[in-house]
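We did not get these values from a lab; they are worked out from the coordinates using the rules stated. It should be emphasised that the depicted structure is a prediction, and the values quoted were computed from it without experimental measurement. Heads up, the Cβs are rebuilt from the backbone with ideal geometry, glycines too, and the neighbour counts pull from every protein chain shown.
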Amino acid sequence: MTARSHELCETLVAVDYAVEAHKGQNRKRSSVPYIYHPLNLACHALAMNITDDEIIAGCLLHDVIEDCKVKVEELPVSNSIKELVRVLTRDNNEDFNIKR
């Protein structure tokens, strides 16, 4: 697996969390499991030789706040990844701010 070979520790945590968080969700008007979207985004980043652990983890978690009723503080990743996810979250209200 690419995440293991590049020693992307945060990515390994993020992929497990995203798979569980999106369990049972499908893409709009489709039977395709929703998790394929963040996995596809992470794969595109890796295909462009982006191997930064924070970026790939952010790709995997970018929709968890919007779609899974999770607060950014609950994400099992570093504060810098939480901030990236917060910025990528569509509804950017006070509930998504993290304490620094």
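Dividing the alpha-carbon radius of gyration of the stretch 1-87 by the rule-of-thumb value 2.2 N^0.38 Å gives 1.02. The modelled label-to-label distance between HIS6 and LEU41, using points 7 Å beyond Cα along the C-beta direction, is 1.6 nm. Here the 3J(HN,Hα) profile of the stretch 70-84, calculated from phi with Karplus coefficients 6.51, -1.76 and 1.60 at θ = phi - 60°, is 10, 8, 4, 5, 7, 5, x, 10, 5, 4, 5, 6, 4, 5, 4 Hz, Gly and Pro shown as x. Site pair VAL70 and ASP16 shows an inter-label distance of 1.3 nm when each label is modelled 7 Å from Cα along Cα→Cβ.
Working ranking of peptides 29-38, 3-12 by packing, defined as the average number of other Cβ atoms within 10 Å per residue, highest first, is 3-12, 29-38. Remark: the LYS28-SER80 segment gains 15.8 nm on full extension, using 0.36 nm per residue and subtracting the alpha carbon distance. If you count Lys pairs in the chain whose Cα atoms are under 21 Å apart, skipping same-chain pairs closer than 8 places in sequence, the total is 9.
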